[in-house]
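Here the structure is laid out as structure tokens; the discussion comes afterwards.
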Amino acid sequence: MKDLLKLRDLKKHEIIELLNIADQYKYSRKMFGVKRTDDLKGMTLGMIFEKASTRTRVSFEVGMYELGGQALFLSSKDLQIGRGEPIEDTARVLSRYLDGIMIRTFSQEMVEKLAEHASIPIINGLTDYAHPCQVLADLMTIREYKGKLEGLKFAYIGDGNNMANSLIVGCTKVGMKVSIACPKDYYPDADIVKWAEKKGNFTITQNPEEAAKDADVLYTDVWASMGQEGEAEKRKMAFKGYQINKKLMGFAKADAIVLHCLPAHREEEITGEVFEEHADQIFEQAENRLHAQKAVLKVCLGSSPKDDHGYPYEVDEELEEFDLLNGETEEIKDF
């Protein structure tokens, strides 16, 4: 895997491998205090930001440091792309300076074009279409709390935005049942919905209670994402009723977990009461951005790390995958 542009580009075993490597980094950090390695020693990651960020910037910057490399923050205001330089030229120039680029921007086309013309790995830190790095952290968190991914029911309530797009793909690829509840005018990308419907175990509805019924995981995001601030009032009206609250939780399984990619607008997409009841899960999810980012950096910029403590995590593509949590193996099924 050279680039991470969107989850649809990855096979199931590639996603599982990233999760396993992320688990290993987290395990080594917490159990053995191993914060810094030489896995990417001497390497430099350029981080292009056209959209502001808290978790993306900090997790990638700390992640590169802990892997022995360094990260450069590159605001679009400080680069020539902010003054009209073609992305093709930026890609070819930066490829001669850096070992990899993470970009957080608006257009998926820009990320794809950057990857086409760069000779170094490109990582999608977020676009209006997809947020693959966040979903890797989400899947990591779900597996930590539930002990598995296969067969779980995942329910997303709210805006059919980039998070919904990537969650549909990621959860489907690892064998989860996916149910999405959105207002009709705010459905996820039509091509992704069509793809998921062909895969099976996917439903989309305008009824949040139907989506949440018997769910193992409930997930939501803000109603107005970055760049949509002018639509905030209109969206509040459209999404009335698409809130994760105590009533909706009553339709999910009693031990259901709640996740939110943050930042959260309490009393809009989620009540403060439900948020605080599930805060441990939500902030573990936020922490897992660091570990998942490190896995992505290692796989894209380097090779899979070796474990000095006998903690199994690697995937043999031709044979089997190892479940970190219960030590069981299963035949790979490519979705």
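The values are calculated or read from the model by the stated rules, or taken from the named source; none is laboratory data. Nothing here was measured: the structure is a model prediction, and the numbers come from that model. Cβ: placed from backbone, ideal geometry, glycine included. Neighbour counts: every protein chain shown.
Among the residues making up the range 95-134, those that are surrounded by fewer than 23 Cβ atoms within 10 Å (Cβ to Cβ) and in a helix (DSSP H, G or I) are Gln108, Glu109, Met110, Glu112, Lys113, Ala115, Glu116, His117.
Figure legend. Inter-residue proximity from the range 235-246: first residues of a type in the set (Ser, Thr, Tyr), second residues part of a helix (DSSP H, G or I), beta-carbon distance below 7 Å, spacing 6+ or different chains. Indicated pairs: Tyr242/Pro208.
For the range 1-59: of the residues being part of a loop (DSSP other than H, G, I, E, B) and among the polar types (S, T, N, Q), which is modelled with the lowest pLDDT? Going through the qualifying residues, I end up with Ser53. No other residue among Tyr187, Tyr156 is under 27 Å from Glu267 (Cβ atoms) and in contact with an Asp or Glu (Cβ under 9 Å, 6 or more places away or on another chain) apart from Tyr156.
Identification of helices (runs of 4 or more DSSP H) wholly contained in the range 210-321 with 2 or more residues that are modelled with pLDDT under 95 yields 232-238.
All of (1) more than 27 Å from Asn288 (Cβ to Cβ); (2) under 22 Å from the mean Cα position of the chain (by Cα) hold for Asp78 with one exception: (2).
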